[in-house]
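What follows is calculated from the coordinates using simple rules that are stated; it is not laboratory data. Since this is a predicted model, take the numbers as computed values, not measurements. Every residue, glycine as well, gets a Cβ built from its backbone with ideal geometry; the counts of neighbours run over all protein chains shown.
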Amino acid sequence: MSLKSYVVIAVLGTGFSVGFYFFYRLFRYLQLGKYENRFDQIPLRLKTFAIGVLGQNKMFKDFLPGLLHAFVFWGFIIISVGTLELFVEGIFDGFNLSFIGNTPYALLLFFQDLFYVLVLGAVLFFFFRRLVLKPKRLEVLSRHSAWDAYFILTLILCIVVSSLSMNGANDLLDPHPWDTLKPFSTLFSMFYAQLPLSINALTVISEISWWVHVGAVIVFFIYLPFSKHLHIIAAAPNVFFTRLTPRGRLKKIDLGDESQTTFGAGKLEELPWKAILDGYACTECGRCNEFCPTYTTQKPLKPRSLIVNLRHHAEKKGYAIYTQDTDHPELKKDLILDVISPEAVWDCTTCGACVEACPVYIEHVDHIIDMRRNLVLMQGKMDPEAQKVFNNWENTSNPWGFSPQSRGDWAKELSLPLLSQNPNVEYLYYVGCAASFDSRNQKVARAFAILLQKAKVSFGILGSEERCNGESCRRLGNEYLAQQMIEENKKVLFKYNIKKILTTCPHCFNTLRNEYPDFDARFEVIHHTEFLKQLIQEGKLKISKQIEKKLVYHDPCYLGRYNKIYGPPRSVLQELPGTVLVEMPRHKDKGFCCGAGGGRMWLEEHRGTRINVNRVEEALALDPKVIATACPFCITMLEDGLNAKNQEKEVQTRDIAEILLEAISS
Ligand code: SF4
Ligand code: SF4
């Protein structure tokens, strides 16, 4: 071996040893998190990995930057093969990968050359975007973060330009038929050929380019553990280890497990290890902020900061623990005070927009709920409003504290069958608290019940026997009370051997469908918009009237984003002759929350501007006569929003069932 071989071995050995040491430290910090099994369902994980990592599916939601980012990612894989070849070639002069076969090697050379240019174009665009376009979502969190982005982009630029330059010089020094497979490197050789360069000068250019390439790769590797671009390594495992249970299902706490001394997460070690990996994987792209209702309405919760703060805390606390630096200030920090503010923990509406938008499958909502659970169950710290609503649920099984005996009063005039009188019906209409007690939403329950009667559906209600299903209580962090409520509700449902449930509330729908199986209660749960669509298609509901109105549809988060029901409510509206359905800019998976999810329906909004007003303003910009929706919480919030804008007379908020009933009434 030549002297260069020994120098290359020394440089690569030192560089990668240092880099691997820093990565090893991060791996140890990861082990601080609570164990959670994410090694199950490997085939499904591999499929998710193929779609989310290799296919970059979520990146394409923001098409142009997503496509360019995908070029960089795919380029990273293919260029890495070329880089490995260069490392070995630096040690064993003349080495190349042609032993893999002529055609595969020719394809490798062609794609490497192509991706050098695609990556180059993408990096130049990313520079332009940061320096000139400056999109709000890329607002930097610190000076380090701004500098970090430019540094990494410059390193990538060095890697691709040095490769093209080296290939260009080598092609002149040692022409080969393969050179035609590298059209973009050929541009460099044509450029060098125009210059009065001797063989020695070309050799120097080739050597310098080689060292720039290898040097940039080593600096990149050593620096990565300190950069937000750590996602280049961490995003792939983060997608692989993503939660595979339905997105709308909260983790169940085993309250009977006596080995558990704490509940929820009051410190880093009580969060699952995946939360720390989430921090490593965050690209700081700001997509979560862009769609977050609390960030948009200037509240303390900013999902990007929540994840970035968790990462910084894990790194500093991990360092202090492993170096046994007991005086380190990070060890004295309270997770839900110094790292994440309690206000941020309570502001979340659990709308899931952040999780949906995040290209690297970060699970913000689960971490927020873990922190709420700790505040409520371990620290007893919560808003007085939350305390009041917990008391109401405990005493009356509804959030307002109404008498449970009056739960079925909304249906008195309709003579609806009670299951206690006729248990042999096909469907239970599970009404839920909002439609049972809130006078506005009782109208929705009545409209739906009349539609069921008109379609001659075999159904019944539980009346005063119905219990709250615990959905909002769980999301407010009171797992203990929620599980009590779930057990009580289950008892009634099991008493009548219920198999099929209809709901008009997406929150009831989501919890009965996605969460009750964790409590050994499985039903076929159907949201009323799906059921109404089916009844129209089967000819059981006949539309007889024109509805000459311009409508805009608001997607409830727990129906749309959590359960992917976007089509049925729109289909019902489109069936109605004369209606004009228009879409708000934020719709379907990008739908904007009304502000009531996550139990926020029962808490006042004390910080920032109002979420429901923000949503109503978006709807009003389209000049509709009706804001249609399919959720009792959304109806309340949107009506309040219209009141705030003094538009309650001009524009109505109506449930799909009410609009349909109007179209089929004689
Ligand atoms: S769930 Fe919704 S409100 Fe909560 S952080 Fe995510 S986007 Fe914001
Ligand atoms: S959490 Fe996800 S969406 Fe938010 S900044 Fe990080 S990578 Fe982007």
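Here the calculated FRET efficiency for H328 and K34, from their Cβ-Cβ distance with R0 = 22 Å, stands at 0.55, rounded to the nearest 0.05. Kirkwood's formula applied to the C-alpha pairs of segment 249-292 gives a hydrodynamic radius of 13.1 angstrom. From least to most packed, judged by other beta carbons within 10 angstrom and beginning with the fewest, I656, I232 follow the order I232, I656. Taking the Cα centre of segment 394-537 as the origin and placing charges on Cβ (Lys, Arg +1; Asp, Glu -1), which of L535, L476, Q405 is farthest toward the positive end of the dipole? Comparing the listed Cα positions along the dipole, L535 ranks first. Segment 147-211 and segment 38-95 have Cα centres separated by 24 Å.
By the combined test of axial Cα extent (at least 20 Å) and Kyte-Doolittle hydropathy (mean at least 0.5), the qualifying DSSP H helices of the chain come to 3-30, 63-91, 102-128, 143-173, 199-223. In a reduced charge model with +1 at each Lys and Arg Cβ and -1 at each Asp and Glu Cβ, the chain shows a dipole moment near 1260 debye about its Cα centre.
Each Lys and Arg Cβ is given +1 and each Asp and Glu Cβ -1; about its Cα centre, segment 363-513 then shows a dipole of about 480 debye. Coordinate range of the alpha-carbon atoms in the chain per principal axis, descending: 99, 62, 46 Å. Shape class of segment 178-330 from the alpha-carbon gyration tensor: prolate, with a/c at 1.5 or above and a/b greater than b/c. Start at zero, step by 10 Å, and the Cα-Cα distances of segment 268-381 spread as 14, 46, 32, 8, 0 percent across the bins.
As a proxy for reagent exposure, ranking M1, M382, M371 by other Cβ atoms within 10 Å from fewest up yields M1, M382, M371. Distance from the alpha carbon centroid of segment 628-666 to that of segment 247-274 works out to 39 angstrom.
For K34, the residues whose amide H sits under 5 Å from its own are L271, W273, ignoring neighbours fewer than 5 places away on the same chain, with H placed 1.01 Å from N. Within segment 37-240, the percentage of alpha carbon pairs spaced more than 31 angstrom apart rounds to 27%.
With unit charges on the beta carbon (Lys/Arg positive, Asp/Glu negative), name the residue among V365, Q298, I321 whose Cα is farthest towards the positive pole of the charge dipole of segment 268-381. So the residue we want is Q298. Basic side chains Lys and Arg get +1 at the Cβ, acidic Asp and Glu get -1 at the Cβ, and with that the dipole of segment 184-319 about its Cα centre reaches some 520 debye. Classify segment 29-96 as rounded, prolate or oblate, taking a ≥ b ≥ c as the square roots of the eigenvalues of its Cα gyration tensor: rounded when a/c is under 1.5, otherwise prolate if a/b is larger than b/c and oblate if not. Since a/c reaches 1.5 but b/c is at least a/b, the shape of segment 29-96 is classed as oblate.
Computed across segment 550-664, the Kirkwood hydrodynamic radius from all distinct Cα-Cα pairs reaches 14.2 Å.
Looking at the P(r) of segment 66-177, how many percent of alpha-carbon pairs lie beyond 26 Å? For segment 66-177, the fraction of Cα-Cα distances above 26 Å is 29 percent. Largest first, the extents of the alpha carbon coordinates of segment 394-537 on the three principal axes equal 41, 29, 26 Å. Cβ crowding within 10 Å, taken as a proxy for footprinting-reagent exposure, orders D171, D655, D325 from fewest neighbours to most as D325, D171, D655. Per residue, the Cα convex hull of segment 442-487 amounts to 97 Å³. Close lysine pairs were tallied over segment 394-537: pairs 8 or more places apart or on different chains with Cα atoms under 14 Å apart number 4. Between the alpha-carbon centres of segment 101-118 and segment 310-371 there is a gap of 43 Å. Taken over the alpha carbons of segment 341-392 as equal point scatterers, the Debye sum produces base-10 log I(q)/I(0) values at 0.21, 0.29 Å⁻¹ of -0.79, -1.15. Positive-end ranking of V204, Y24, V11 along the dipole of the chain, with charges on Cβ about the Cα centre, is headed by Y24.
Using a Förster distance of 56 angstrom, determine the FRET efficiency expected from the C-beta separation of E650 and N96, and round it to 0.05. Efficiency computed from Cβ-Cβ geometry: 0.15.
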